[in-house]
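Single-structure report; data block below.
A short reminder: the numbers here are calculations on the coordinates, not readings from a lab. Bear in mind the structure is a predicted one, so any value in this text is a computation, not a measurement. Neighbour counts are summed over all protein chains in view; Cβ atoms, including those assigned to glycine, are modelled from backbone coordinates with ideal geometry.
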Amino acid sequence: MSHQVTQYIKEARHHGLTNEQIMKALTDAGWQAHEILEFVLEPPRPAGASADAIISVRGISKQYDKTKALDNISLEVKRGAVTALLGPNGAGKTTLVRILATLLLPTSGEATVNGLNVVTQPQKLRSAIGLAGQYAAVDEVLSGRENLDMVGQLYHLNPATAKARAAELLKQFDLEDAADRPVKTYSGGMRRRLDLAASLVNHPKILFLDEPTTGLDPRSRFTLWNVIRELVEEGTTVLLTTQYMEEADQLANHIFVIDHGHIIAQGTANELKKQVGGDVLELHMTNHDDVSQAAELIKEFGDGEPQANSSNGIVIMPTSQGPSILVEVVRRLDSAQLKLSDIILRRPSLDDVFMKLTGHGTQSNE
């Protein structure tokens, strides 16, 4: 229902209709005023927030004893898009999502979601959001249908509406065949889809996804990506956290790179990749202990310091010298009797961006 109303309102405003005219048209069509009022009246924007921002964060910090999980973070999330928080474990991504979802109080700063303050208006806000955490929060004893029905009743839907919504979501997430089986018989991918379905029971305007594909096999991951794309096409705003570069590249319209509680970069995937510039030279050393020596030998060919990883035997370095560099690098390493198992010249990835900005990859546990 919300998608129908919001789509009509969007088109009506495009044609210059006022709120009063829109309300009259919708009530004449049979809608009840209380059903459509929240969609017609736009929530107030916090000071400094742009017109298309549905989430606004201003100077948010979170401190545990002497440790700052978040340090003066400010950002905006645009309505009707996918925004990614990209960073390693411990960067502060989940802490920020928990604050925005009213599960955690900030130490300082202000945040609004859909025009509602996360600290002073949590009850109102919870009816407008959905949250799927890092681990599927479903009851394994209950069936998939019973789980969704229970969530509907927790949102105070009447029994008939809760059952109808459960049936609708089971079909949408391709879980109809398993709807009446106990969740303990579900695969990991099925549980993840059920958890995502549960977060959508109340038709949320904003969906928070905290590392939604962690632990999934590639096929299940691609399936979930398609579901997320469909939700956005229907008008849902998605804020997701991830440490998977490919996930941010595939889904996000805008990316905030977070490390040690700070936003260190932001932009589209292509804008971030341009920060590396040129190409990336990647050496795979046969002997992993040779990476430091190899990095020292090739650094004069690069546009930045080479990154040597002795655990996997790979040396990575940005360069703008093109394919001609490959022959010279091989000669240099051969003269030092360092053996290569592979050498690659490729376009930069988001992982290269993160490595350049922080000196470590997103899998870091720092």
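So how do 96-109, 160-173 stack up, highest first, on mean other-Cβ count within 10 Å? Please report the intermediate quantities before stating the final value.
Values: 96-109: 19.2, 160-173: 17.4.
The densest-packed peptide leads the list: 96-109, 160-173.
Between P122, P318, P218, the GNM of the chain built on Cα springs shorter than 10 angstrom shows P218 fluctuating the most. Using only Cα atoms, find the angle between the long axis of helix 159-172 and the longest principal axis of the chain, and express it within 0 to 90 degrees, rounded to the nearest 10. The answer is roughly 30 degrees.
From least to most packed, judged by other beta carbons within 10 angstrom and beginning with the fewest, V227, V141 follow the order V141, V227.
Taking the DSSP beta bridges in region 53-272 as the whole, what percent of them are antiparallel, to the nearest 5? Please list the in-between numbers first.
Working: 21 of 39 bridges.
Close to 55 percent.
Here each label is just a point 7 Å from Cα along the line to Cβ, and for I343 and D174 those points are 4.4 nm apart.
Using the 10 angstrom Cβ neighbour count as an exposure proxy, how do D303, D351 rank, fewest first?
Working: D303 13, D351 19.
If I rank by nearby Cβ atoms, fewest first, I get D303, D351.
Quick check on my link table: of K62/K273; K124/K184; K124/K205; K68/K205, which ones sit more than 22 Å apart, alpha carbon to alpha carbon? Spell out each step's value before the answer.
Working: K62/K273 30 Å; K124/K184 33 Å; K124/K205 13 Å; K68/K205 30 Å.
From the list (K62/K273; K124/K184; K124/K205; K68/K205), the Cα-Cα distance tops 22 Å for K62/K273; K124/K184; K68/K205.
How would region 144-224 be classified by its alpha-carbon gyration tensor: rounded, prolate or oblate, with rounded meaning a/c under 1.5 and the a/b versus b/c comparison settling the rest? Here region 144-224 falls in the oblate category. In the chain, the DSSP-assigned H stretches of four residues or longer account for a calculated mean residue ellipticity at 222 nm of -11000 deg cm²/dmol, using -39500 (n - 2.57) per stretch and the full residue count as denominator. Between S324 and T67, the FRET efficiency estimated from the beta carbon spacing at R0 = 41 angstrom works out to 0.25. For K24, the lysines whose Cα comes closer than 17 Å to its Cα, not counting residues fewer than 8 places off in the same chain, are K10.
Using only Cα atoms, locate the centre of region 121-196 and the centre of region 220-257, then give the distance between them in Å, rounded to an integer. Region 121-196 and region 220-257 have Cα centres spaced 20 Å from each other. Against the chain, whose longest principal axis comes from its Cα atoms, helix 19-28 is set at around 60 degrees. Cross-link reach is defined here as a Cα-Cα straight distance under 20 Å, omitting same-chain residues fewer than 8 places apart; for K339 the lysines meeting it are K299. Nearest 10 degrees is fine. How inclined is helix 324-335 to the longest principal axis of the chain, computing both from alpha carbons? Between helix and principal axis, roughly 50 degrees.
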